[in-house]
Amino acid sequence: MTRMILLMLLALASGISPATAQDWPTKPMTMVVPFAAAGGTDLIGRVVGKRLGEILGQQVIIENVPGAGGMLGSARVVKAPPDGYQFVVGTTADAINQTLYKAPLYNFSADLVPAGLLGSQPTVMLTRKDFPANNLQEFAAHAKASQAPLQMASAGIGSTGHLFCNLLNVALGISNVIHVPYRGGGPAMQDLIAGRTDYICTLSATAKTLIEGNTAKAIAILQRDRIALIPDLPSTREQGLPDFETNTWFGLFFPKHTPEAIIRKLNTAIGATLETPEVLEQFKKIVTIATPPDQRSVEYLQQLVERETAKMGAAIRGAGIQQF
């Protein structure tokens, strides 16, 4: 009874009646994608948004708001009215930005309310095609024995690939490395293919294309188990790192004070979306693993945000990355 009263007070405070929350949505919704069109986050957002609109009976309009490593788009939703008509695709980048920036534009765990986890893309470690190692053990041995430092490419300082490779370096006990940041993943990958850098940590969707094209060498998928979409690529657990796992995850978030009835309704719609065969087929094409049922709750995503923010913060500080 007390909980119901509190929910009613919150709804009234935000200008939304409980009845309105139950009726939601009555008009099109906006899904903010905080990265450019045609990127990995955008593709996932469009696949999910289309099906969510069908389930909820209202169109989901995709709006790309890139900038500051995804922070501008998320900050926009933080400031939006908490009426359920704007939500953002939050990712691992949001967790990174909490430490990467000296003054982040929002508090990820407090200013955005999770609605549900959509899925994740594993990370793959690739080397140039002619690199003299075929697994993590050989890679680490070569790095430690080499007089010249290895060239580690990334999409930029503080990017997921930069942090994930740094975490891997620490786990392997190697330090003879020079970070080569690029203005995006495309240029970084081109230089790896050309042999101008030694290795990179990238999303599985990108890696799969390069592996199939035989333009780079795959060393490991950076998680405990192999995935069916790249079945021949050994995991970190198989290669002596049983607890090492990094991936990029994607979830939907509302502004704080959004009524719980709306949050729960979107959460239910997310679950139905992830059970749709057409969505799962599209996820396979972009090498995305749909969230399993036991990880789809609002509470699970909130806990993930807090864990990942702490983990990414430790990685940034451990790597000595300068804050912006």
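Here, each number is a calculation from the coordinates, and none is a lab measurement. The shown structure was predicted, so the numbers you read here are calculated from the model rather than taken from an experiment. Here the Cβ positions follow ideal geometry from the backbone for every residue, glycine too, while neighbour counts run over all protein chains shown.
What translational diffusion coefficient, to the nearest whole µm²/s, does the stretch 122-239 have by Stokes-Einstein, given a Kirkwood radius computed over alpha-carbon pairs, a temperature of 25 °C and 0.890 mPa s viscosity?
Rounded to a whole number, D works out at 177 µm²/s.
How many angstrom lie between the Cα centre of the stretch 160-222 and the Cα centre of the stretch 80-109?
27 Å
Treating the beta-carbon of each Lys and Arg as +1 and of each Asp and Glu as -1, no other charges, what is the dipole magnitude of the chain about its Cα centre, to the nearest 20 debye?
400 debye
Can you give me the distance in nm between label points at Arg196 and Asp243, each placed 7 Å from the Cα along the Cα-to-Cβ direction?
Here the answer is 4.0 nm between the modelled labels.
Work through the residues other than Thr127 whose Cβ is under 12 Å from its Cβ and net out their charges, Lys, Arg +1 and Asp, Glu -1.
Around Thr127, the surrounding residues sum to 0.
Along Cα→Cβ, 7 Å out, is where each label goes; now give me the distance between the ones at Glu275 and His257 in nm to one decimal.
A separation of 3.5 nm, rounded to one decimal place.
I'd like the FRET efficiency for Gln302 and Ala148, computed as 1/(1 + (r/R0)^6) with the beta carbon distance as r and R0 of 45 Å, rounded to 0.05.
Using R0 = 45 Å, I get an efficiency of 0.50.
With charges only on Cβ, +1 for K and R and -1 for D and E, what is the dipole size of the stretch 122-239 about its Cα centre, in debye, rounded to 20?
Dipole size: approximately 120 debye.
Mind scanning Lys208/Lys311; Lys50/Lys284; Lys284/Lys311; Lys50/Lys265; Lys27/Lys50; Lys208/Lys284 and naming the pairs with a C-alpha gap bigger than 20 Å?
Pairs exceeding the cut-off: Lys208/Lys311; Lys284/Lys311.
Among Arg296, Arg46, rank each residue by its count of other Cβ atoms within 10 Å, from fewest to most, as a rough exposure measure.
By the 10 Å Cβ count, ascending: Arg46, Arg296.
For the stretch 122-239, what does the relative contact order come out to in percent, with C-alpha contacts under 8 Å and a separation of six or more?
Worked out over the stretch 122-239, it gives 39 percent.
Have a look at Ala75, Ala228, Ala37 and tell me which one the Gaussian network model of the chain (Cα, springs below 10 Å) gives the largest fluctuation.
Of the options given, Ala228 has the highest mean-square fluctuation.
Kindly work out what percent of the DSSP beta bridges joining two residues of the stretch 122-239 are antiparallel, to the nearest 5.
55 percent
For the chain, what does the helix formula give at 222 nm: sum of -39500 (n - 2.57) over DSSP H segments with n ≥ 4, over the residue count, nearest 500 deg cm²/dmol?
Result for the chain, helices only: -13000 deg cm²/dmol.
According to a simple spin-label model (label point 7 Å from Cα along Cα-to-Cβ), what is the distance in nm between Gln322 and Tyr101?
Spacing of the two 7 Å Cα→Cβ label points: 1.9 nm.
Rank the residues Thr291, Thr91 as a footprinting-exposure proxy: fewest other Cβ atoms within 10 Å of their Cβ go first.
Ordered by Cβ neighbours within 10 Å, fewest first: Thr291, Thr91.
Can you tell me the Rg and the Dmax, both Å, for the Cα atoms in the chain?
Answer for the chain, Rg first and Dmax second: 20.6, 69 Å.
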